[in-house]
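Working notes for the structure below.
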Amino acid sequence: GDDYFSSGLSNDLTWLQSRLEERFEIKTQRISGKSDHEKEGKILNRVVRWTQRGYEVEADPRHAELVVKQLEASSMKAISTPGVEGKEEDDTEEEYQLSGESATQYRAIAARLNYLSTDRPDIQYATKECCRDMANPTSGSQRRFMRIARYLVGKPRLVWRFDMQGYVGVVEAFSDANWAGCRTSRKSTSGGVLMVGSHPIKSYSKTQAVIAKSGAESELYGIVRATCEALGCLTLIEDFGEKLKSRPHMDANAARGIIERQGLSKVRHIDVNLLWLQEQAARDLVPLEKIDSTKNCADLMTKHVRSELIIRHTEYMNLEFRGGRSDIAAQLQSTNKIIR
């Protein structure tokens, strides 16, 4: 294999580097606060940076630049959100199917945005919705793409901050769902964020495979997904020699009530997911926590939210916008008002 990275004590990394160089020709970067090491490097074109407060990780900035360039949005006015909900999303004219070169370009940009969205929770939901149209893109799909590009004009860079912190023994899993959010298929979206202390580990936005009959059912599918993600993260952490616990958070009282009671009651159509999650909760492997809906950062991955909520949720996840035309000072001032 290639393109690997290692983390450890300085002496151990020196030993590993010397053993590898005995057999292979390798290029090595050492990133740390030491004077003889670099302060910034790249891992698969992601920028890793050492700072006085800890480490930072940033997505390859070229992807946002190329999306803006390919859609010729660089001279357009920047906007504050990557998408809008409801009637504002409707086209003012009848949609038509894209074909030929236009459809090919759409799929190419969709693939690029899909890769970028792994490191950009703020555009994950908008990108996921656009990727659902890859098979049959329309003029409406193209318009939604253009909105993401104009958003990236204002916010081209998003940095994940991993500030130094003490030992944390719990993986916090934040879960949310948007019931029947898709107006075409009426499928719901599950969104989630995994965090260890103030460190964001993963975020996701996924369309649910089945059509939920109620908001409680869609929230249940969402918390099942978050629980699976958390348990998978615990297994990975255990492979590194640490043993942590998980704690899912949800803001839906109805779904939580279904999970905490025993048996199927009147929800037999969701029995497999329900009984599995009931078992995990009963064994105290995933003790559910109630969280206020306004403070649930997973909300960012389930629907288009207002600009102030984007700032609030990204700040809670210890993410920081940099660059672009947007006024950073004004953003911070707005955020301070929200926090107060």
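The values are calculated or read from the model by the stated rules, or taken from the named source; none is laboratory data. These numbers come from a predicted model, not from an experiment. Note: ideal-geometry Cβ built from the backbone for every residue, glycine included; neighbour counts use all protein chains shown. Only protein heavy atoms, including side chains, enter the accessible area calculation; ligands, DNA and RNA are left aside. Shrake-Rupley method; radii C 1.70, N 1.55, O 1.52, S 1.80 Å.
Note on exposure: Leu20, Leu300 ranked by accessible area (1.4 Å probe, complete protein assembly) read Leu20, Leu300, with the most exposed listed first. Computed across the range 21-153, the Kirkwood hydrodynamic radius from all distinct Cα-Cα pairs reaches 17.1 Å.
Placing R0 at 25 angstrom, the Cβ-Cβ distance between Tyr115 and Glu308 gives a FRET efficiency of 0.35 after rounding to 0.05. Extension gain, Ser32 to Thr14: 0.36 nm times the residue separation minus the Cα-Cα distance gives 5.2 nm.
With the whole protein complex present, Met195 retains an accessible surface near 0 Å², based on a 1.4 Å probe. With R₀ fixed at 41 Å, the C-beta to C-beta distance from Thr294 to Glu22 puts the FRET efficiency at about 0.15. Rounded to the nearest 20 debye, the dipole size of the range 24-160 about its Cα centre is 740 debye, using +1 on the Cβ of Lys and Arg and -1 on the Cβ of Asp and Glu. Annotation: Tyr4 carries an accessible surface of approximately 130 Å², with a 1.4 Å probe and no ligand, DNA or RNA atoms counted.
For the range 187-231, the spherically averaged projection of the C-alpha convex hull amounts to 3.2 nm². Using the Cβ-Cβ distance between Glu85 and Lys42 with R0 set to 35 Å, the FRET efficiency from 1/(1 + (r/R0)^6) comes to roughly 0.45. Residues Lys39, Lys243, ordered by accessible area of protein heavy atoms at a 1.4 angstrom probe radius and largest first, appear as Lys243, Lys39.
Placing unit charges on the Cβ atoms only, positive for Lys and Arg and negative for Asp and Glu, gives the range 132-217 a dipole magnitude near 560 debye about its Cα centre.
Can you bin the range 14-73 into rounded, prolate or oblate? Criterion: square roots of the alpha carbon gyration tensor eigenvalues sorted a ≥ b ≥ c, rounded for a/c under 1.5, prolate for a/b above b/c, oblate for the rest. Judged from the Cα gyration tensor, the range 14-73 comes out oblate (a/c at least 1.5, b/c at or above a/b).
Here each label is just a point 7 Å from Cα along the line to Cβ, and for Val57 and Ser75 those points are 3.9 nm apart.
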